[in-house]
Amino acid sequence: MPFLPWSEQMVIDGDCIDGQHQQLVATINQLYDLVHGQGPGDLGSIIEFLVVYVDVHFADEERLMRLAGYPDLDDHRHQHSRFTIQLEALREAFLAGDDQVDEDLLKFLKSWLFNHIMGTDRDFGPILMAWRKTTQISEFDILEVGP
Ligand SMILES: [Fe+2]
């Protein structure tokens with residue numbers, strides 16, 4: 001069983017945002033497996049990928065929220081920055097020579113992502129889908145990373 005299993009309940013738009021969320025879930029699982037000696041990979045590369053991918057994903061999501069007129073964008077951005085701060089700290093520590101990733105941080109990444117997707121991201125789902133239907137704009141055309 002993966003550290004953070006993907007479930008259909010986590011689907012919010014049936015499109016690009018779900019694809020990005022799945023990639024984030026897969027990367028956190030990869031990080032967990034590597035730290036626990038259960039999977040391949042290079043810690044520096046996984047951290048680097050996660051930092052960059054999260055940045056792009058949050059920017060994409062916030063762009064869609066702006067376009068679709070999501071009313072709680074400011075609060076949502078604050079939630080995103082909480083996650084980014086933890087990831088940046090992990091990257092800084094790694095670059096300073098600390099190659100330990102503690103369990104509390106792994107648990108934070110897992111629970112933050114799960115609760116965030118199941119909470120505020122899911123609130124945005126219907127707004128995003130309604131906007132997509134009205135405008136006929138494809139998410140794929142305006143996002144930086146596709147599914
Ligand atoms: Fe979000």
Can you tell me which residue in segment 58-112 is farthest from the chain's Cα centre (by Cα), limited to those that are surrounded by fewer than 12 Cβ atoms within 10 Å (Cβ to Cβ) and hydrophobic (A, V, I, L, M, F, W, C)?
ALA96
When residues of segment 120-147 are limited to those that are part of a helix (DSSP H, G or I), away from the ligand (no atom under 16 Å from the Cβ) and polar (S, T, N, Q), the one nearest to ASP55 (Cα to Cα):
THR135
One residue is enough: does segment 3-11 have a residue meeting the conditions touching a helix residue (DSSP H, G or I) at 6+ places or on another chain (Cβ under 6 Å), part of a helix (DSSP H, G or I) and at negative phi?
yes
Any residue in segment 19-34 that's under 11 Å from LYS110 (Cα atoms): show its pairings with residues that are charged (D, E, K, R) at Cβ separation under 8 Å, as long as the two are six or more apart or on different chains.
ILE28/LYS110; TYR32/LYS110
Pairs, please: C-beta under 8 Å, at least 6 apart or cross-chain, first residue farther than 14 Å from ILE17 by Cβ and in segment 63-75, second of a type in the set (Asp, Glu)?
ASP72/ASP123; LEU73/GLU62
Total residues in segment 96-124, condition farther than 21 Å from CYS16 by Cα and either in contact with an Asp or Glu (Cβ under 9 Å, 6 or more places away or on another chain) or without any contact (Cβ under 8 Å) to a residue 24 or more places away in the chain (or both):
11
Could you grab me the full set of residues in segment 101-110 that are within 16 Å of the ligand (Cβ to nearest atom) and aliphatic (A, V, I, L, M)?
LEU109
Working only within segment 61-86, note down all residues that are acidic (Asp, Glu) and under 12 Å from PHE124 (Cβ atoms).
GLU61, GLU62, ASP72, ASP75
Hits in segment 31-88 (condition: in a loop (DSSP other than H, G, I, E, B) and either closer than 19 Å to PRO5 by Cα or among the acidic types (Asp, Glu) (or both))
HIS36, GLY37, GLN38, GLY39, PRO40, ASP42, ASP72
Scanning segment 89-126 residue by residue, the ones that are on the phi > 0 side of the Ramachandran plot and either touching a His at 6+ places or on another chain (Cβ under 9 Å) or aromatic (Phe, Trp, Tyr) (or both) total 0
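Residue-by-condition table, conditions (1) out of contact with any helix residue (DSSP H, G or I) (no Cβ under 8 Å at 6 or more places or on another chain); (2) away from the ligand (no atom under 16 Å from the Cβ):
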| site | (1), (2) |
| --- | --- |
| VAL52 | yes, yes |
| ARG63 | no, no |
| ASP75 | no, no |
| PHE83 | no, no |
| ASP99 | no, yes |
| TRP112 | no, no |
| MET118 | no, no |
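FYI, it's all coordinate maths here, none of it is from the lab. The model shown is predicted, which means the values in this text are computed figures rather than measured ones. Cβ sites come from the backbone with ideal geometry, for glycine too, and all protein chains shown count toward neighbours.
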